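Engineer: A single structure is presented below for examination.
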Amino acid sequence: MRTAILYRFRLPLEAGVILRYQRLKTRDGFLVHLQENGQQGWGEISPLPEFSKETVEQAGEAAVEWLKPWCLDAEPGESKLPSVAFGISCALAELQGELPEEADYRKAPLCNGDPDELIVRLSEMSGQKVAKVKVGLYEAVRDGMVVNVLLEAVPDLSLRLDANRSWSRAKADGFAKYVNPDYRNRIAFLEEPCQTSAESLAFARDTGIAIAWDESLRDEGFSVEAQEGVAAVVIKPTLTGSLARCRQLISAAHNAGLETVISSSIETSFGLTQLARIAHWLTPATIPGLDTLELIQSQLVRRWPDSTIPVTGLDELEIAWRS
Ligand SMILES: [Mg+2]
């Protein structure tokens, strides 16, 4: 016999989390719980405002639409809404014992502006040193200088940069000009430097700075292939779809010789620990991009190891639907 419960959560975000055009105050979504023959599985469904096409209400409706027939022993197809398809596929993978428990809890620390703080964090990091810096928020010249400072201060560091398509080609060139040429090969990749993928590709060819695709993955007609100057693809499962869809992309990327980075869409600690397991399972050679735990003021049910952020328990959540 199959049973299911859909819990709704709403957790306060740290002040000042701005997503594109809005300041977000809470992180909203659902936990889905599936049970069958004494086995159980869980998943998080949390579409990200400004990035997901679906709203949290639409996600909730689509989840119930899927759960109803599933509880009646049907095998409904994947939801068309990526966050729903992902959360449910995680619950099914846990239920079927397919998702290994082992996790990759390494994080590539994220720098939002203050390089000194990042240098301290990196000095405490053991093993492979990888950090991520958001660029394109300030002057390109300043970004170039921050990159130089970090690479100079931490000799075994490699950097992932992310411009979120914010630069014109001229601005991107301005940035490249300020990065010490000796350091360019320690930029593992720069995500989506320019407004169009054609400009980004030309930038990579002309500057020797490797790039990565993130937003482009979700563009109509995009296919993963080997391209000069492209080093990696960034996969955000909540924005992408089911685990099966993510695995397809990962194997296409690996076949094309690209590094694949599993990254967060500001999921709760619940979703992040699952992403850490997925990363360990499917992209074991790559440190995942999961350094967003601290953006939410509470963890949810499952804790991130060693985090002291308080935890919201299951008994504090509203039940949105149950079979
Ligand atoms: Mg990105």
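Rule-based calculations on the coordinates, nothing more; no lab input. Only a predicted model underlies this, so the values are computations on that prediction, with no experimental measurement involved. Cβ placement follows ideal geometry from the backbone for every residue including glycine, while neighbour counts extend to all protein chains displayed.
Engineer: Dimensions of segment 214-268 along principal axes (Cα, Å, largest first)?
Structural biologist: 35, 19, 18
Engineer: Taking H as built 1.01 Å from N, whose amide H comes closer than 5 Å to the amide H of Arg27, not counting residues under 5 places away?
Structural biologist: Those lying under 5 Å, H to H, from Arg27 are Leu11, Leu13.
Engineer: Over the Cα atoms of segment 108-182, what Rg and Dmax result, in angstrom?
Structural biologist: 12.1, 37
Engineer: Rounded to the nearest angstrom and ordered from largest down, what semi-axes does the equivalent ellipsoid of segment 193-294 get from its C-alpha gyration tensor (root of 5λ)?
Structural biologist: For segment 193-294, the semi-axes come out at 24, 14, 13 Å.
Engineer: Using all Cα-Cα distances in the chain, what percent lands in each 20 angstrom bin from 0 up to the longest?
Structural biologist: It works out to 32, 57, 11, 0, in whole percents.
Engineer: Still on this structure: Could you sort 49-62, 281-294, 74-87 so that the peptide with the highest average Cβ count within 10 Å comes first and the rest follow in order?
Structural biologist: 74-87, 281-294, 49-62
Engineer: Going by amide H atoms built from the backbone, whose H comes under 5 Å of the H on Ile287, apart from near neighbours?
Structural biologist: Correct list: empty.
Engineer: Something else about it: For Lys236, enumerate residues with amide H under 5 Å from its amide H, sequence gap 5+ or separate chain, H modeled in the peptide plane.
Structural biologist: So Lys236 has HN proximity to Ser263.
Engineer: Now, a different point. One quarter of the convex hull surface, Cα atoms only: what value does that give for segment 191-237 in nm²?
Structural biologist: 3.1
Engineer: Which percent, nearest 5, of DSSP beta bridges in the chain are antiparallel?
Structural biologist: 50
Engineer: Let me ask something else. Treating only the Cβ of Lys, Arg, Asp and Glu as charged (+1, +1, -1, -1), what charge dipole size does the chain show about its Cα centre? Round to the nearest 20 debye.
Structural biologist: Computed charge dipole of the chain: roughly 260 debye.
Engineer: Sticking with this structure for a sec: Which whole-Hz couplings ³J(HN,Hα) result when phi for each residue of segment 282-292 is put into the Karplus expression 6.51 cos²θ - 1.76 cosθ + 1.60, θ = phi - 60°, listed in order with x for Gly and Pro?
Structural biologist: The phi angles translate into 9, 9, x, 7, 10, 5, x, x, 10, 8, 10 Hz.
Engineer: Of Leu19, Leu24, Leu72, Leu67, how do they rank once you tally other Cβ atoms within 10 Å and put the fewest first?
Structural biologist: Placing the least packed residue first, the sequence is Leu72, Leu19, Leu24, Leu67.
Engineer: So, one more: Add +1 for every Lys or Arg and -1 for every Asp or Glu among the other residues with Cβ under 14 Å from the Cβ of Ile18, and state the total.
Structural biologist: +3
Engineer: Okay, next question. Report, in degrees rounded to the nearest 10, the 0 to 90 angle that the Cα long axis of helix 56-71 makes with the longest principal axis of the chain.
Structural biologist: With both axes taken from Cα atoms, the answer is about 50 degrees.
Engineer: Exposure proxy check: Arg20, Arg277 ranked by fewest other beta carbons within 10 Å?
Structural biologist: Arg20, Arg277
Engineer: Can I ask one more? For segment 25-80, what is the charge dipole size about the Cα centre, in debye to the nearest 20, if Lys and Arg each add +1 at the Cβ and Asp and Glu each add -1 at the Cβ?
Structural biologist: 200
Engineer: When N counts the residues of segment 1-145, how does its alpha-carbon radius of gyration compare numerically with 2.2 N^0.38 Å, as a ratio?
Structural biologist: Taking the Cα Rg and dividing by 2.2 N^0.38 Å, one obtains 1.34.
Engineer: Hey, what does the equivalent ellipsoid look like for segment 62-109, semi-axes from the Cα gyration tensor as sqrt of 5 times each eigenvalue, largest first, whole Å?
Structural biologist: They are 26, 14, 7 Å, listed from largest to smallest.
Engineer: Using only DSSP helix segments of four residues or longer, with each worth -39500 (n - 2.57), what per-residue ellipticity at 222 nm results for the chain after dividing by its residue count and rounding to 500?
Structural biologist: After summing the helix terms and dividing by residue count, I get -10000 deg cm²/dmol.
Engineer: Taking 25 Å as R0, compute the FRET efficiency from the Cβ-Cβ separation of Ala74 and Glu98 and round it to 0.05.
Structural biologist: 0.80
Engineer: Helix 169-178 versus the longest principal axis of the chain: what angle, 0 to 90°, nearest 10, using Cα atoms?
Structural biologist: 60
Engineer: Still on this structure, I have one more. Compute the angle between helix 243-255 and the longest alpha-carbon principal axis of the chain, please, reported from 0 to 90 degrees and rounded to the nearest 10.
Structural biologist: So the inclination is approximately 30 degrees.
Engineer: Can you give the net charge of the other residues whose Cβ lies under 14 Å from the Cβ of Gly257, counting K and R as +1 and D and E as -1?
Structural biologist: -3
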